[in-house]
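Following: one structure in structure tokens, then a few remarks.
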């Protein structure tokens, strides 16, 4: 199908070809949208594109992109994971308490604790979804309250504040390497690994297959249960990792931390063109979606809107992106059908 | 052939152990199980706390869950069709904001009531039109409108709370029927539950809901206007959320932008716990009503025992998972037994022949 398209294009005018490529690549249209949005912002405040501010925005979206990537894999397999905030809270609280109780434990071990907790909680989700055959939305709706409740049980209702944690732990996200903060490096590593995983490994491609058409995937030998289980382990692991980072970055661990963060993660995926029916989407899109949200939040004060407008503007942007994605998708499907009929 | 064998096995089964079979059938019905759990819970709490089985307390406790139970009614319709709506808590915030603003401008009680309903209905209608008009996934659309509806209230109210209301407005959410201790909210809920239950189980519209939920394509080909039904569902959901907004504002006489946060998930929990399949096409009104009272009184009872809200969220989350897991396990168990019986039957016939 793709080859025939490529062959036919040279006869068309250049501009039309460019438009076509842009419509074909979700990421390209997102970049253009981002650029259009930046014009009035930069016109009003040129410092917006200063290195300092870019650095701030990237720091702000690091945790969001890690979490959004986790959510991406679940949505890709035609599921949804609502436990984002709860796993972040539990792993963040555990990290903070470990640091408070044993200040000598190195940061790496704290991060590993967060990752381990996330993997365990994600495994439970995966078990219930893949082997208990409970729909993902119900499973994670249930475990979301359970994990949040466990956070309260763990902390006994108290919280960990900045002066109860060591400066090495709180300071580590701001430690720089090659002029870039550790937090951003963490996000970059996660992005690179998951990009490679989703594009070039067999399990990664199997997630696309299951999300696109589970029955067909099963017939070509994809283990559906294992894939669905794996997806939740990946998302849980990333959420757990994000939890440890969250506590270190915001220098506090409270029981209500990251409440409703799942909506941000899903919004980044929607903006990045991830299809809710499963099987379509890519890591670069998701990262761009997170970047889009980050720029939006940072830009509000520049255009004299109070932060109280954040939710409203975000909702409208997500809705707009959703409508554009759907219309473009439907047009593409129609065109494909017409082509098939013509032959 | 297979059907015949199935029939043989079934009659055999009923002949052999008729009463035991029908008993297991009855016990594996979700509504019956819920009822049993409810009774067990009442026995449990009344043994542990002398204040549980107090008529006044039991009535008073319904204030805490009537609004959510009311919202669960149209949510049944939505989930029955395989849809979902996670914007309902934000619709409450929006209607509460509208009521508060109108009240500050001097609108009377009746006017406030109308405004609350109108705002909710409009928000629900917008959801329905967006979802069916562009053919977009319900969860993604209502995720976006969730932010938009609450965002409007947030942008307008910021940190403020609207707290001035006309004198009679407190009636809806605070008062009792006549001289009794029966809350108005509870009576309203029961009346609405009967009406919505009647529509679900006894009307053509209700049958259409089941049809759409079990096979949307087949429903469309058999002449059901699927889009129209879904739009009506979302509009109803908006109307009821507006009503819940009125009741809640009237009860606490204050409107903030963070009002009713996360109620959408609690309402969905009630519906699923009540036995409505999240994939659509299965469920009853009785189940959801029992589930609403079960969760409501569970919270009340645990509060009496001075258990923290934390334990409650864990218990309710676990209950939700068990509610979905248990029928599936029972189904597998039943199927396995049936299979073994059929195999035995086949072997028997083979030896005879």
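Considering the range B:164-187, the residues that are surrounded by fewer than 16 Cβ atoms within 10 Å (Cβ to Cβ), touching a helix residue (DSSP H, G or I) at 6+ places or on another chain (Cβ under 8 Å) and not in a helix (DSSP H, G or I) include one that is nearest to the other protein chains (Cβ to nearest Cβ), namely B:164. Filtered by the rule that a residue be at pLDDT below 80 and either under 22 Å from residue A:330 (Cα atoms) or facing chain B (nearest Cβ under 10 Å) (or both), the range A:282-306 gives A:305, A:306.
Quick check on residue A:154: is it more than 30 Å from residue B:327 (Cβ to Cβ) and either outside any helix (DSSP H, G or I) or away from chain B (no Cβ under 14 Å) (or both)? Taking the combined requirement at face value, the residue does not satisfy it.
Residues are listed down the side, and each one gets a yes or a no for (1) buried (at least 20 other Cβ atoms within 10 Å of the Cβ); (2) more than 14 Å from chain B (Cβ to nearest Cβ); (3) more than 27 Å from the chain's Cα centre (by Cα):
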{"residue": "A:158", "(1), (2), (3)": "no, no, yes"}
{"residue": "A:164", "(1), (2), (3)": "no, yes, yes"}
{"residue": "A:169", "(1), (2), (3)": "yes, yes, no"}
{"residue": "A:173", "(1), (2), (3)": "yes, yes, no"}
{"residue": "A:177", "(1), (2), (3)": "no, yes, no"}
{"residue": "A:180", "(1), (2), (3)": "no, yes, no"}
{"residue": "A:183", "(1), (2), (3)": "yes, yes, no"}
{"residue": "A:188", "(1), (2), (3)": "no, yes, no"}
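Scanning the range B:114-125 for residues that are within 22 Å of residue B:75 (Cβ to Cβ) and surrounded by 19 or more Cβ atoms within 10 Å (Cβ to Cβ) yields B:116, B:117, B:119, B:120, B:121, B:123, B:124. Scanning the range B:90-102 for residues that are more than 14 Å from chain A (Cβ to nearest Cβ) and touching a helix residue (DSSP H, G or I) at 6+ places or on another chain (Cβ under 6 Å), we see that the one that is nearest to residue B:79 (Cα to Cα) is B:92. Which one of the conditions (1) within 20 Å of the chain's Cα centre (by Cα); (2) surrounded by 24 or more Cβ atoms within 10 Å (Cβ to Cβ) does residue A:253 fail to meet, given that it meets all the rest? Single failed check for residue A:253: (1). Evaluated against (1) surrounded by fewer than 21 Cβ atoms within 10 Å (Cβ to Cβ); (2) modelled with pLDDT under 80; (3) away from chain B (no Cβ under 11 Å), residue A:338 falls short on exactly one condition, (2).
Evaluate the following for residue A:250: is it in contact (Cβ under 8 Å) with a residue 40 or more places away in the chain and more than 23 Å from residue A:135 (Cβ to Cβ)? No; evaluated as a whole, the condition is false for this residue.
Counted as qualifying within the range B:42-130 are the helices (runs of 4 or more DSSP H) with 2 or more residues that are within 27 Å of residue A:141 (Cα to Cα), namely B:66-80, B:88-104. Residue count for the range A:315-326, restricted to those that are closer than 15 Å to residue A:30 by Cα and within 7 Å of chain B (Cβ to nearest Cβ): 5. Exactly one residue out of B:131, B:115 is within 23 Å of residue B:82 (Cβ to Cβ), modelled with pLDDT under 95, more than 20 Å from the chain's Cα centre (by Cα) and more than 10 Å from every other protein chain (Cβ to nearest Cβ), and it is B:131.
Collect the residues in the range A:160-179 that are closer than 30 Å to residue B:310 by Cβ and touching a helix residue (DSSP H, G or I) at 6+ places or on another chain (Cβ under 8 Å), keeping them in residue-number order.
The answer is A:160, A:162, A:164, A:165, A:166, A:169, A:170, A:173.
Reported count of residues in the range B:276-285, each being surrounded by fewer than 24 Cβ atoms within 10 Å (Cβ to Cβ) and either away from chain A (no Cβ under 12 Å) or in a helix (DSSP H, G or I) (or both), is 4. Exactly one residue among A:123, A:95 is surrounded by fewer than 20 Cβ atoms within 10 Å (Cβ to Cβ) and within 22 Å of the chain's Cα centre (by Cα), and that residue is A:123. Among the residues of the range B:240-266, the ones that are within 17 Å of the chain's Cα centre (by Cα), within 18 Å of residue B:153 (Cα to Cα) and either assigned to a helix (DSSP H, G or I) or more than 14 Å from chain A (Cβ to nearest Cβ) (or both) come to 7 in all.
The values are calculated or read from the model by the stated rules, or taken from the named source; none is laboratory data. Fair warning: this is a prediction, and the values are worked out from it, not measured in the lab. Cβ coordinates were reconstructed from backbone atoms using ideal geometry, including for glycine residues, and neighbour counts include every protein chain displayed.
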